Every structure is written in structure tokens, then in C-alpha cells.
1. Restricting attention to region A:220-272, report how many residues are of a type in the set (D, E, K, R), within 14 Å of another protein chain (Cβ to nearest Cβ), within 24 Å of the chain's Cα centre (by Cα) and not in a helix (DSSP H, G or I).
2. Return only the number of the condition from (1) touching a strand residue (DSSP E or B) at 6+ places or on another chain (Cβ under 9 Å); (2) within 23 Å of A:Asp161 (Cβ to Cβ); (3) open to solvent by less than 20 Å² (accessible area, probe 1.4 Å) that A:Ser232 does not satisfy.
3. Out of A:Gln118, A:Gln149, A:Gln169, I need the residue that is surrounded by fewer than 20 Cβ atoms within 10 Å (Cβ to Cβ), away from chain B (no Cβ under 14 Å) and among the polar types (S, T, N, Q). Which one?
4. Pairs please, first residue from region B:54-83 and without any contact (Cβ under 8 Å) to a residue 12 or more places away in the chain, second anywhere and of a type in the set (Ser, Thr, Tyr), Cβ atoms under 7 Å, 6+ apart in sequence or on different chains.
5. Without any contact (Cβ under 8 Å) to a residue 12 or more places away in the chain and either within 14 Å of chain A (Cβ to nearest Cβ) or assigned to a helix (DSSP H, G or I) (or both): is that true of B:Ser123 in this structure?
6. Conditions first: (1) under 20 Å from the mean Cα position of the chain (by Cα); (2) more than 20 Å from B:Arg14 (Cβ to Cβ). B:Ile322 passes all but one, so which condition is the exception?
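The values are calculated or read from the model by the stated rules, or taken from the named source; none is laboratory data. From a predicted model like this one, the values you see are computed outputs, not experimental measurements. All Cβ positions, even for glycine, are placed from backbone atoms using ideal geometry, and neighbour counts span all protein chains on display. Accessible surface is based on the protein model in full, side chains and every heavy atom, while ligands, DNA and RNA are left aside. Shrake-Rupley method; radii C 1.70, N 1.55, O 1.52, S 1.80 Å.
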2 protein chains.
Amino acid sequence: MSVEKLQRYREQMRTELDKVVDFWQKYSHDTQYGGFFTCIGKDGKIYDELKYVWLQGRQVWMYCRLYRTMERFNKPEILEAAKSGGAFLRRFARIPNSGSPWKCAFCLTRDGKALKVQRTIFSECFYVMAMDELARVTGDKDMQAEAAQMMDQLVHWVRVDPSGLGKPQLSGDTPVCSMAVPMMLLCLVQQLTEARSGEEVDKYREVGGWCVKQILQHLQRGGTAILESVSSEGKELPGCEGRLQNPGHALEAGWFLLQYGLENGDQELQRTAVDKFMEIPFLTGWDKEHGGLLYFLDVDGYCPTQLEWSMKLWWPHCEALIAYLMAYSHTKEPALLDRFSQVYDYTFSHFSDAENGEWFGYLTQQGKVTLDFKGGPFKGENVNRLEKGLVRNHDRHK
Amino acid sequence: MSVEKLQRYREQMRTELDKVVDFWQKYSHDTQYGGFFTCIGKDGKIYDELKYVWLQGRQVWMYCRLYRTMERFNKPEILEAAKSGGAFLRRFARIPNSGSPWKCAFCLTRDGKALKVQRTIFSECFYVMAMDELARVTGDKDMQAEAAQMMDQLVHWVRVDPSGLGKPQLSGDTPVCSMAVPMMLLCLVQQLTEARSGEEVDKYREVGGWCVKQILQHLQRGGTAILESVSSEGKELPGCEGRLQNPGHALEAGWFLLQYGLENGDQELQRTAVDKFMEIPFLTGWDKEHGGLLYFLDVDGYCPTQLEWSMKLWWPHCEALIAYLMAYSHTKEPALLDRFSQVYDYTFSHFSDAENGEWFGYLTQQGKVTLDFKGGPFKGENVNRLEKGLVRNHDRHK
């Protein structure tokens, strides 16, 4: 690939990022109650005032990370918006919970009343991301301590006792390991340890090592498949749940593992990340007829039971772009740049909205926009995933 | 429409029903553990051994109703299969639950261990349907009493105190009335009161009247829209939730209301059922470009946030067929027969599988099969909904 083409990609991504940040600054800030609107239509109109906690946390993180690491975003209005979002989160996201005093809501009303709570760890994870990154730009030690305390709670739920999450114990329950959990924890470990040292960091490093081992258990069938859920002994589970593949998650795990392998000088892990976690999902998940990455697949070729299995979502494409670019920048293998280029062309021609800025999130298998909002219950700043990776790549190379 | 065309429809439905019943008899019976497999591929192969409780209950109900009301299904093997399914349900569906001893699981392992439980009323509703209908064909009074006891529990959850369902109380909670709840209860009232009299029946009739009032609250905006969720005062709710329309549910409510109106000689209710609950969802929900009924719509034209909003599902089409045929058979208005015919042509040409029997359940907006299994977590005998209506029409006219 020519240097010119790479330069063009870089320019386009830069322009796209500016448009995305503009979009959220312009439409999402709630100047009356604080925090961010998350349900935003294609042209910026708020179609629901609910505030989804994942996206509050992600937006705080994104603003802080942009502010802290990229000069053109080092502007007071970005910092102020991040602080406002952080204050809203701190004040409202945590809810009274008999089992675990640190449980976070999934969804809040505009004025911060809890409306829904999930029996998973993810709202809390985005809370940690937001608080730690905000503490880094503001120097607020209380906030950093709060992130650490929440992290302890998360590790307790995942490794010791999940009962505080509120799921009832049932007779048919067998412990299931979902790849999303160690992936997300590993991401937090990388957040909490970055450029720090000391006892706390050593504790997190141990957690990080555990997460990597857990993620590697999802490489199954003699290294030919990455399965989303496995047993606690690292074996394949029966039925649909055991056969489920999520190419976007596998690619995301791929770049988390590569990053960890690079930080720890683990060359074998680096190779596994690239050859398995980045290659297998492309071979199985890329839609040869219509282009783009499918959302879910069954490893034995049965039809998944998720109604949206054949749709093309923005985020797996972001994960793929980050993964292939990161892998190429370390290995310089041209095949990885080709993968990047193939995903790039599909992504930027299908998800980007030239008219109103930001990205669409949901396409049919054939590539037609089928949900046209820019923000919804699970979609915030489109490029926060992309940026998370690119900003990290950027950090690494500056 | 010609009598010949109606005769042809009738013949085709009869053939289709035979093929469907054959399919489930052939592939779904678990002779080892009892009960029915519910995850069945396009050609009859079991792709997951989990047993979904809604579908266990529906299949028991369907077999019994066919056995009891249609001569060609009055066969010992159908009764035996129903009894086996009923025994499995009785033994395994109910799970220990601190708040409510009668809570049912949503999903069981092959050998009956509880795997998932929903914080809603629907597993319990299908349990009542199954037990009551099975009691009718077997004469088992204990079973009938069990259905009645579960019904009391359901009415308590819905009208007195929902806390036994296990949802945590949150600060932003405002009571939301979902149309599915009174619809389902009204269906149970009709099941439990059919051809019976006495004190128990009077009690249910009061519940039925309450359900009708509740359902009518979903007719909003001066009688121009049917909204899936309203406030407990019967007012429109803010945001996406308040604007959500589910044409299949509105049509289903339509024939429940019509049936109730006919049973009670309430002509105004009959007209509302037809002119509002059957007409509005067609005008808003029929896809003029591709044909078929859309799954979800936003009354103000925003994009729904459900990823599957534009898909075509088998069950709203079944509800539409039942509704229009029932409405036509009582009013003799030709326009209703035209509606029936239009839905019929789309339904039988898109969902029916000539090769392996049974129906596909899930199409893209363009009408292409996108999930090709015959049974899944929410889809059992395709025509159980259709049959429920047709069998009831049949009962009424025999």
C-alpha cells in the first residue's frame, strides 16, 4: 500500500473524529440537569431524554482522553463537559443495593433517577473508566480512589462471589464464562495501571494476568474457533450458547491481548492475538457476499437465535480497524494492512453520515441503514471505540 | 371474493395445520426425559436441547385443544403427548422463589433443571393455559385447581403487588401498563370461564372486565393510535417507550376484544375492536413497499430502538389473519375479507416451508428468511397462535 493511501486514511479519520466530537458537543450536553443525552436522532434531535449509564461513562472517558492526549482537543470546554458528566455520574449512577453498595444503574431519567439496572458488571466498568480518566486530568485523588474501590467490587463479583449482582441461583445454573467479562476487566487494568507504579498496580497486574488466561480459554477446537462462552473449566458448552461466535468481540479481545503482550514482552501472546483472535473472526465473520462483519455466528453453521445476527453494526468494524492497524504497526506484515484497508473501505462508505456528521450504527446484512439514529441505548459516540484504540496507538507512538 | 377462493383458503389452512402437527409430533417429543424440544432446525434437527417453558405450555394447550375440538386430531397419541408435556411442566416448571412460591422458570435444561427465570408473568400464563386445557380433556380436578391457584397468583401480581416477580424497586420507577399484560390475562379469563359457571367464573368475569378497560386505555391520541405502553392513569408516557407501537399486539388485542364484545353483547366494544384495534395497526404497520406487517413502529415516525423493528415475524401475521377472519365472519363487511386475503397471500407465500413443513418465523423487511429454524426460544408451533384463533372460530361455529 502506498504511503499516500495511508496519509489519506489518516486525514479522513482526523476529519471524521472532528465531526463526531462536534456532533456530541453540539447536541448531547444537558445544560439543565448535567450529564449527556444519549438518544439522539440522525440530525441531532433528542428523541428520548433517558440517560444511559454506559454512554455517560464512555463520553466522560472520551472527552478526558482526548483532552489529555491530543493537543487539538486540549480545550477548556471539553474538560468542563467531562467534569459535568462525571459529576452527574457520581451523583446519580450508584443506587442503593442491599447486596453491593456500589451497584450502578443501567439507565437514568433526565434528572438522574434510576430506571433500569442490569444484573451484569458493565455499567460499573464504564463508571471506573470515567472516574479514573477524569482523575487523571483533574488530579482529584478522591475520584481515583472511587475508581479503585469500584474496581475492587468488580473483581470481587467476577472472581469471588457474583451474588451481589442480583441474579437468582437456579438449579440448572452452571458457571458460564463470557469473554466480555475478562476482556472488560483487562481493559480496566490497562486503564488503572497506565504510567503508574506501586502496590496497587501490582495487584492489578495479577488481575490482568488472570484476565489473559481467561480470554485464552475461549480459543477452542484445537485453536480453530473463538467461542463467546465457555465453561469455568475452559471447555466448550453444549447448545447454542456454547457454539456462539461474536467476531467483533474476538477482534476486540485480539487487540487487548496484543497490547498486553507488547507491554509484557510476551511474543507468543502477541502471535496468538494476531494469528487467532484477529484472523479467525475475519475468516468466519466477514460477509463474502455483501461485505462487512456479521454480528453473530454459530460455529457449526446453525442459524443463531439472535434476531439481529446478520446485521452489520458499527462497533465490530471499529474493533477490527483498531486491531489490524495495531497489529500492522508492530509486525509490518502487509496482509494486516490489507485487512485494515478492506474493513476501512466498508466502514467509511457505509456507517459515516456525510450529511449530518457522526455515524449510523445499524445496517441490514445488505448494508442499508435500518436504524438511523446516532445515539441510542447502546450506541454513543461512534468512534469512542475506534478512538480508544487509535488514541492508544497514538499514545504509544508519539 | 368468491366462495371458491374461501374454500381454497380453508383447504390450504387444513393441509398446513396437518403438516405442522406432523412436524412437532415427529421431531419435538423427548421420549427420554418427557416434555418437548423447542429448538428445532428447518429440517427437524434439534440444535439445542433446552426446553423453553412458554413453548412447553403452548404445545400442551395446542394438543389438548386440537384433541378436544377437532375430530381428526382426537387420537390417543396426541392426548398422550399432551399428558407427557403436562407432567414435565408440573414437575419442573415451578421453581423455589422466596416471594412467590408459584414462580415459573423461563427455560429448563433437557432434564428439567431451571436455567433462566424472567421477571414477568408470561411463563406462568402459559402454565395456566396448559393446565386448564389438560384438565378439560383428562377431567383431572387437581390440575384445574392448580391452574386456578396460579391464576390467583397472576392476578395478585398484576393488580395488587408485583414485588414477587423479583424486579427491584428503583427511584425512577413509574408504573407502566404494558398492553401485553391485560391481553394475556383476558385470554386466560376466556380459557378459564369457557362453558363453566359458578362463583369462580364470576370472579374471573370481574377480572375480564378490568382487562378490557385496561386494554382500551392503550387507544390514545383521540382514538388515532394504539400505544403499547401507557401510564397507570391511562396517559401517554414520555419518550420511546410511550411512542412504541406493536401492530401484532394491537391486532391480537383486537380479536380478544371482539370475542369479549360478542360474548357480552357489547356492540360498542365490537366496533372499537374492529375499527380501531384491527384497522389502525394495518394502516400504520403494513409495509407498503415490501408487504407484510412491521414488528415495531414509533407513532411519531422516529426510528424505534429495537434492532428488529423492521423485520417481518410470523406471529403478527397469524394474529392479523385471526382478527380479520373473525371480524368478517361477524360483520360480513367485504373490506375485512380483503384485509384477510391480503395478509393471507403474504403470509402463506413467505412463511410456509413447502420443503420440510412448518413455518419460518423471521424475515427481513424485504421478505427473505433470515432465521431459518422452525422452533426457537420464542417460536413453537407456528400455528399455535393462528390455530388458537381458528380453533376458537371453529368452536363458535360448529
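1. Residues in region A:220-272 being of a type in the set (D, E, K, R), within 14 Å of another protein chain (Cβ to nearest Cβ), within 24 Å of the chain's Cα centre (by Cα) and not in a helix (DSSP H, G or I): 0 in total.
2. It fails just one condition, (3).
3. The conditions single out A:Gln149.
4. Taking only residues 6 or more apart or on different chains, the pairs are B:Asn74/B:Tyr67.
5. No: the conditions fail for B:Ser123.
6. For B:Ile322, the exception is condition (2).
The rows are residues; the columns are (1) farther than 25 Å from B:Phe378 by Cβ; (2) touching a residue at least 24 places away in the same chain (Cβ under 8 Å).
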{"site": "A:Pro247", "(1), (2)": "no, yes"}
{"site": "A:Asp275", "(1), (2)": "yes, no"}
{"site": "A:Leu283", "(1), (2)": "yes, no"}
{"site": "A:Tyr295", "(1), (2)": "no, yes"}
{"site": "A:Val299", "(1), (2)": "no, yes"}
{"site": "A:Tyr302", "(1), (2)": "no, yes"}
{"site": "A:Thr305", "(1), (2)": "no, yes"}
{"site": "A:Ser310", "(1), (2)": "no, yes"}
{"site": "A:Glu319", "(1), (2)": "yes, yes"}
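Yes/no per residue for (1) in contact (Cβ under 8 Å) with a residue 60 or more places away in the chain; (2) assigned by TED's automatic domain parsing to the domain that holds A:Thr331; (3) aliphatic (A, V, I, L, M):
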position: A:Leu188; (1), (2), (3): yes, yes, yes
position: A:Glu199; (1), (2), (3): no, yes, no
position: A:Ile226; (1), (2), (3): no, yes, yes
position: A:Glu236; (1), (2), (3): no, yes, no
position: A:Phe256; (1), (2), (3): yes, yes, no
position: A:Leu262; (1), (2), (3): yes, yes, yes
